[in-house]
Amino acid sequence: MVQAVMRGIFLLSAFAALSLPGAALAQGAKASSAPELARAIDTLRPGQWVWAPLVAPAGPVIVYVDLSKQIAIVYRNGIRIGATTISSGKDGYDTPTGVFTILQKDADHRSSKYNNAPMPFQQRLTWDGVALHAGGLPGYPESHGCVHLPYEFAKQLFAVTKLGITVVVQGHAANHVRTTPNSLLASFDAKGQPVETRPLEGAEYRWQPELAPAGPLSIIVSKTDQRVVVLRNGVEIGRSVARVDDPDPGSHVINLVMRGGRPAWVYVGLPGHAEDEGKALDEATINRVRMPRAFYQLVKAQLTPGATILVTNSPVGAEPLEKLTIMDAVAPQP
């Protein structure tokens, strides 16, 4: 049996553990979040939110609104980058469910239906008046059909969306549910269709690059699931078992850049951790991940500058956690 230590690009874990004090989540605060902090959405209080756009710096954006939980989640390139509490339509003004696209954006919009009321950072979902925008957040459905967001979150979301992106609205406001597994990965594709998470079913890895031939590459290393997932343009194209020996509870983000004419992996300075910006990946952290040799070689061939690796405690989909032994691993040179 060979279990050579992986010494390539797939580990990123000397990052300082990210934490988010409760005060940082206050409405209007510039909160930042490691992806696993989005798992805390079940404990967010009205007006609280988390936002970490640099964990997936490029790719298609999808917004998912859960009326039952009064929560909105933002994904980019298939990865969660933010979560917030909301207030949807009250009784008699129910927010419609379904798959919508953003039809119009207006940062300084005022309502033509309700006494010229301000609707900052409005993103229209229907022509009869339903939209995402900054508004009141009392902790229960209160709007006239729109989805109210915290002001600063609405501003951040407005900056990353484009006309035509998908917004999925599901659930029922009267059936208020607070429990969810909160997987890191989007449950819907760019057309609003459910994404099926297929288990490996005894195999060491799966590789289907034809599902997304082009687009930004994101690699997720889940310490909780002991899995590696590869996304391109928001679509999962590969999944593998892994062994991740890293007790650090924090998240770590590293980008592939060009330095001195050569590709190099460097840490991303997330908000609150600006001192990490530009640090090179060190060999001690590289030695903490093991994965199948064949899978490593397949992914390595797809890497180009701009690729992102995320190491996280968040799960990457519901599947039996088969503790497979990696029979053939490789120790490539950095």
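The values are calculated or read from the model by the stated rules, or taken from the named source; none is laboratory data. None of the values given here were measured: they were computed from a predicted structure. So basically every Cβ, Gly included, is an ideal-geometry build from the backbone, and we count neighbours across all protein chains shown. Ligands, DNA and RNA are stripped out before the accessible areas are found, and what is left, the full protein with its side chains, is counted by its heavy atoms. Shrake-Rupley method; radii C 1.70, N 1.55, O 1.52, S 1.80 Å.
Taking 18 Å as the cut-off for C-alpha to C-alpha distance, list the pairs among Lys105/Lys155; Lys69/Lys105; Lys162/Lys191; Lys90/Lys162; Lys90/Lys113 that go past it.
Values: Lys105/Lys155 11 Å; Lys69/Lys105 26 Å; Lys162/Lys191 14 Å; Lys90/Lys162 28 Å; Lys90/Lys113 16 Å.
Over 18 Å Cα-Cα: Lys69/Lys105; Lys90/Lys162.
Gain in length, Lys90 to Gln104, computed as 0.36 nm per residue apart minus the alpha-carbon separation, to one decimal in nm?
2.7 nm
Per Stokes-Einstein, at 20 °C and 1.002 mPa s, what whole-number D in µm² s⁻¹ belongs to the stretch 165-249, with the Kirkwood radius over Cα pairs as the hydrodynamic radius? Display every interim value, and only then the final one.
Values: Rh = 15.0 Å.
The Stokes-Einstein estimate is 143 µm²/s.
I'd like the Karplus ³J(HN,Hα) series for the stretch 189-202: coefficients 6.51, -1.76, 1.60, θ = phi - 60°, whole numbers in Hz, and an x wherever there's a Gly or Pro.
Result, ordered by residue: 8, 5, 9, x, 8, x, 9, 8, 8, 9, x, 6, 6, x Hz.
Along the three principal axes, how long is the stretch 48-100 when you take its alpha carbons, biggest first, rounded to the nearest angstrom?
That works out to 39, 25, 12 Å along the principal axes.
Could you put Tyr296, Tyr64, Tyr140, Tyr205 in order of accessible surface area, largest first, with the 1.4 Å probe and the full protein assembly present?
On the way: Tyr296 5, Tyr64 40, Tyr140 125, Tyr205 75 Å².
Correct descending sequence by accessible area is Tyr140, Tyr205, Tyr64, Tyr296.
In what sequence, largest accessible area first, do Trp51, Trp127 appear using a 1.4 Å probe?
Values: Trp51 15, Trp127 175 Å².
Result, largest first: Trp127, Trp51.
Tell me which GluC sites (Glu not before Pro) from the stretch 198-248 have a DSSP coil assignment and no more than 10 other beta carbons within 10 Å of their own.
Answer in residue order: Glu201.
Just to confirm the filter: which trypsin sites (Lys or Arg not before Pro) across the stretch 185-255 are DSSP coil and have at most 10 other Cβ within 10 angstrom of their Cβ? The partial results should precede the final answer.
On the way: sites: Lys191, Arg206, Lys223, Arg227, Arg232, Arg239, Arg243; in loops: Lys191, Lys223.
Answer by residue number: Lys191.
Quick query: amide H of Asp189 versus all other amide H atoms, modeled in the peptide plane; which residues come in under 5 Å with a sequence gap of 5 or more or a different chain?
Val195
Would you kindly derive the ³J(HN,Hα) couplings of the stretch 237-246 from the backbone phi angles with the Karplus curve 6.51 cos²θ - 1.76 cosθ + 1.60 (θ = phi - 60°), listing them in order in whole Hz, with x for Gly and Pro?
Each residue of the stretch 237-246 in turn: 10, x, 8, 8, 5, 7, 10, 10, 9, 8 Hz.
Have a look at Gly238, Phe153, Ser187 and report the one farthest towards the positive end of the charge dipole of the stretch 137-241, computed about the Cα centre with Cβ charges (Lys/Arg +1, Asp/Glu -1).
Of the candidates, Phe153 comes out farthest on the positive side.
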